[in-house]
1. For every other residue with a beta carbon closer than 14 angstrom to the beta carbon of Leu93, add +1 if it is Lys or Arg and -1 if Asp or Glu, then tell me the sum.
2. Check every DSSP H run in the chain and write down those whose alpha carbon atoms cover 27 angstrom or more along the long axis and whose mean Kyte-Doolittle hydropathy is -0.5 or greater.
3. On a full-extension model of 0.36 nm per residue, what is the gain between Arg9 and Ala82, subtracting their alpha-carbon distance, rounded to one decimal in nm?
4. What is the percent of Cα-Cα separations in region 29-118 that go past 18 Å?
5. With the other protein chains left in place, how much accessible area per residue, in square angstrom, belongs to the chain at a 1.4 angstrom probe?
6. Output the relative contact order of the chain, whole-number percent, from Cα pairs under 8 angstrom with separation of 6+ residues.
7. As an exercise, find the ratio Rg/Rh for region 86-183 from alpha-carbon atoms, using the Kirkwood inverse-distance average for Rh.
8. Which of Thr152, Thr92, Thr33 moves most in a GNM of the chain, Cα contacts under 10 Å?
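The values are calculated or read from the model by the stated rules, or taken from the named source; none is laboratory data. These figures come from a predicted structure and were not determined experimentally. Backbone-built Cβ (ideal geometry, glycine too); neighbour counts: all protein chains shown. All accessible areas refer to the heavy atoms of the entire protein, side chains included, with ligands and DNA or RNA removed. Shrake-Rupley method; radii C 1.70, N 1.55, O 1.52, S 1.80 Å.
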Amino acid sequence: LGLVLRVGRWRALVWAGSLGLLQVVGLLLGLITRAVVDAIVAQDVSRAVSLSLLVALVLASVQVSLCVMLSFMPKVEEAVLASFDQELIETTLALPAHLHPSPEVQDRLEQLRQQRSAPYNLTYAALAFFFLSLNLVISVVLLGSFSLILLTLPLFGLPLIYARGKQTRAFISLQQEIAEDRR
């Protein structure tokens, strides 16, 4: 996160803000759509029309946020990669000369080269985790307001979270094993 903020604070903040807006808008859209359906059932035409216009506005904001996020993502990633490459070069040059031919050092440098997008990806993952967690909390509160039995629905996502964690650990282990072959 520090690296991402160092290379372009305002770009990173706009990128994070648009990502957050996309997460929150999904819940907002669900609530407004429910209100539209309630207004239609109650035959309140003026309320249904005004809420439908609000739905259109929210959908337009989704499109704008998506465009902003997609236009800023490559710029942030490019700046992070350039900064990471610069730091890797400086670190490599700062190593004592007798360490350069060492296979262990070369394997570690190759791992770093292969993971050069990690700071960007980890920042994206952290932001996504934060906003998805916020989304989950709000969803649980909304589900609980309808029926307490609905509070069990988020539990069905736990096996997926467990499997994703095992997949990530296996991938990292594989990257470490093949570093020498890649080098």
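1. The answer is -3.
2. Within the chain the helices that satisfy the rule are 9-41, 45-94, 118-146, 158-177.
3. Gain in length upon complete extension: 24.8 nm.
4. More than 18 Å apart: 66 percent of the Cα pairs in region 29-118.
5. 67
6. Working: 117 pairs, mean separation 55.0, N = 183.
Here the relative contact order equals 30 percent.
7. Details: Rg = 21.0 Å, Rh = 17.1 Å.
Checking Rg against Rh, the ratio lands at 1.22.
8. Thr152
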